[in-house]
Amino acid sequence: MATTEQPTTAPETSAPTAPPRFERGLRVRAAVIAVLLLFVLVGLPQLLSLYWIDIFTTAAIFAIAALGLGLLVGRVGMISLGQVAVLALGAWVGAKLCFSTTLPYPIVLLLSGLITMVLGTLIGLPALRVSGLYLALVTLMLAGAINVVLTQVNFPNGGKGFLGFDDNYPGSIRRPSIAGSDPAFFRYTVIVALIMFLLALWHLRSKPGRAWAAIRQSEPAALTAGVNVTVYKMWAFALASFVTGVAGALFGSESHKLYNYEFPTQQSIVLFAVVLMGGIYTLWGAILAGALLWVIPALFTLWGINVEIPTILFGIGVLQVLTTAPAGIAHQFPRDMARLGKLLYRLVRRPATAGPT
């Protein structure tokens, strides 16, 4: 009797899925970030005085500037010491637009970023052919030149003419209509900072981020792989200048009036130091950099300690980062806390598990 063979069917193949633990970790991280953001936007302004709200607003603004510097240094390997000068350019453009136009404030921020992006990229063109220490020196000299020019022309304050400067003019840089008070402007600044960080994250997760990683590892290898090094370096300069220009416009509105002494050339070196301390390989490092640059000196002032001491501490911190923790506080601190937790757990558990002698 003939037997009929049952047709064999190929096992169904399903698309590979992420491990459950990985997905759970992403959900937990997203939930933690959402809770922190909600606390910063809603709870923090209720707990702080106006003085500390101003400090944290400025820290958020400089976190955006630190984001641009971190992209250049940590993602592309380009050492720039002129970021505060680019911040001053953004502040000048933002102040000019606020005084000379009635454009909505978001448009002012966008135009400030775009114009600063063009200016910063043009200024950075001579630096594209050098790297390392030479790039740092070139950007530092360019920052000094920008500072000299701004000292001569001054910042706009509502006066007549293109420069818009008048010693006796009482004008102040406007804020958005929905964020006239200090707490409201703090929330506005945090939301703009979040948008800038998402913009940077989108670049890092797409083709430019992969190209920048290749350039950072080895420019000859990147060229061999078909990466247009010049284009992507200019792209990095443009993105860093854009976010820093937006930060400059916010800084002008936070200060109400701008003065040349607020953008000293040496501040670029201090900003570079705190970016290294915070961590150049993660976006969290930029947030820590903004806090280190403004919250620590404010605390020292509150405690009656010399405000120059934080500069010394930043120098010691840079040495420590370069020798033991190249990824910065944002990477090293969680690892140290995890090791400390394991050590404490073993110390607490040992007497409980030890039997009687």
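The values are calculated or read from the model by the stated rules, or taken from the named source; none is laboratory data. These figures come from a predicted structure and were not determined experimentally. Methodologically, a virtual Cβ is constructed for each residue, glycine included, from the backbone with ideal geometry; neighbour enumeration extends over all protein chains shown.
Here Pro334 meets each of (1) in contact (Cβ under 8 Å) with a residue 24 or more places away in the chain; (2) under 24 Å from Arg205 (Cβ atoms); (3) in a helix (DSSP H, G or I) with one exception, condition (1). Do we have Trp235 as hydrophobic (A, V, I, L, M, F, W, C), surrounded by fewer than 15 Cβ atoms within 10 Å (Cβ to Cβ) and modelled with pLDDT of 90 or more here? Answer is no for this residue. A count restricted to the range 131-188 and to residues that are in a loop (DSSP other than H, G, I, E, B) and either among the hydrophobic types (A, V, I, L, M, F, W, C) or at pLDDT below 90 (or both) stands at 23. For Gly315, which of the numbered conditions (1) surrounded by 16 or more Cβ atoms within 10 Å (Cβ to Cβ); (2) in a helix (DSSP H, G or I); (3) over 19 Å from the mean Cα position of the chain (by Cα) fails to hold? With (1) surrounded by 16 or more Cβ atoms within 10 Å (Cβ to Cβ); (2) in a helix (DSSP H, G or I); (3) over 19 Å from the mean Cα position of the chain (by Cα) applied to Gly315, the lone miss is (1).
Based on this model, can you work out whether Gly304 counts as surrounded by 15 or more Cβ atoms within 10 Å (Cβ to Cβ) and either free of Cβ contacts under 8 Å to residues at least 24 places away in the same chain or under 27 Å from Ser181 (Cβ atoms) (or both)?
No, not satisfied.
Residue by residue through the range 159-205, note down the ones that are among the acidic types (Asp, Glu) and in contact with a helix residue (DSSP H, G or I) (Cβ under 6 Å, 6 or more places away or on another chain). If the condition is that a residue be among the acidic types (Asp, Glu) and in contact with a helix residue (DSSP H, G or I) (Cβ under 6 Å, 6 or more places away or on another chain), then Asp182 is the only one that fits. Scanning the range 220-251 for residues that are without any contact (Cβ under 8 Å) to a residue 40 or more places away in the chain and either polar (S, T, N, Q) or under 30 Å from Ile107 (Cα atoms) (or both) turns up Thr224, Asn228, Val231, Trp235. A search for C-beta distances below 8 Å between a residue of the range 114-132 that is within 14 Å of Ala240 (Cβ to Cβ) and any residue that is acidic (Asp, Glu), counting only pairs 6+ apart in sequence or on different chains, returns nothing.
Can Pro310 be described as surrounded by 13 or more Cβ atoms within 10 Å (Cβ to Cβ), in a helix (DSSP H, G or I), free of Cβ contacts under 8 Å to residues at least 60 places away in the same chain and out of contact with any Asp or Glu (no Cβ under 9 Å at 6 or more places or on another chain)?
yes
All conditions but one from (1) crowded, with 20+ Cβ neighbours inside 10 Å; (2) more than 20 Å from Ala66 (Cα to Cα); (3) without any contact (Cβ under 8 Å) to a residue 60 or more places away in the chain apply to Lys96; the one that does not is (3).
Considering only the range 276-285, I want to know if a residue exists there that is part of a loop (DSSP other than H, G, I, E, B), hydrophobic (A, V, I, L, M, F, W, C) and buried (at least 24 other Cβ atoms within 10 Å of the Cβ). Yes, there is a match, as at least one residue in the range 276-285 is part of a loop (DSSP other than H, G, I, E, B), hydrophobic (A, V, I, L, M, F, W, C) and buried (at least 24 other Cβ atoms within 10 Å of the Cβ). For the range 238-275, the tally of residues that are crowded, with 19+ Cβ neighbours inside 10 Å, among the polar types (S, T, N, Q) and closer than 21 Å to Leu319 by Cα stands at 2. When the range 94-105 is limited to residues that are in contact with a Pro (Cβ under 8 Å, 6 or more places away or on another chain) and among the hydroxyl-bearing types (Ser, Thr, Tyr), the one that is modelled with the lowest pLDDT turns out to be Ser100. Do the conditions hold for Val108, that is, is it closer than 29 Å to Asp166 by Cα, touching a Pro at 6+ places or on another chain (Cβ under 8 Å), in a helix (DSSP H, G or I) and of a type outside the set (Ser, Thr, Tyr)? For Val108, the condition - closer than 29 Å to Asp166 by Cα, touching a Pro at 6+ places or on another chain (Cβ under 8 Å), in a helix (DSSP H, G or I) and of a type outside the set (Ser, Thr, Tyr) - is not met.
Condition first: more than 22 Å from Pro264 (Cβ to Cβ) and assigned to a helix (DSSP H, G or I). Now tell me which residues in the range 57-93 satisfy that.
Once the filter is applied, which keeps residues that are more than 22 Å from Pro264 (Cβ to Cβ) and assigned to a helix (DSSP H, G or I), the range 57-93 yields Leu71, Gly74, Arg75, Val76.
Quick check on Met117: is it within 29 Å of Trp212 (Cβ to Cβ), at pLDDT 90 or above, among the aliphatic types (A, V, I, L, M) and surrounded by 14 or more Cβ atoms within 10 Å (Cβ to Cβ)? In short, yes.
Here Gln266 meets each of (1) touching a residue at least 60 places away in the same chain (Cβ under 8 Å); (2) out of contact with any helix residue (DSSP H, G or I) (no Cβ under 7 Å at 6 or more places or on another chain); (3) not hydroxyl-bearing (Ser, Thr, Tyr) with one exception, condition (1).
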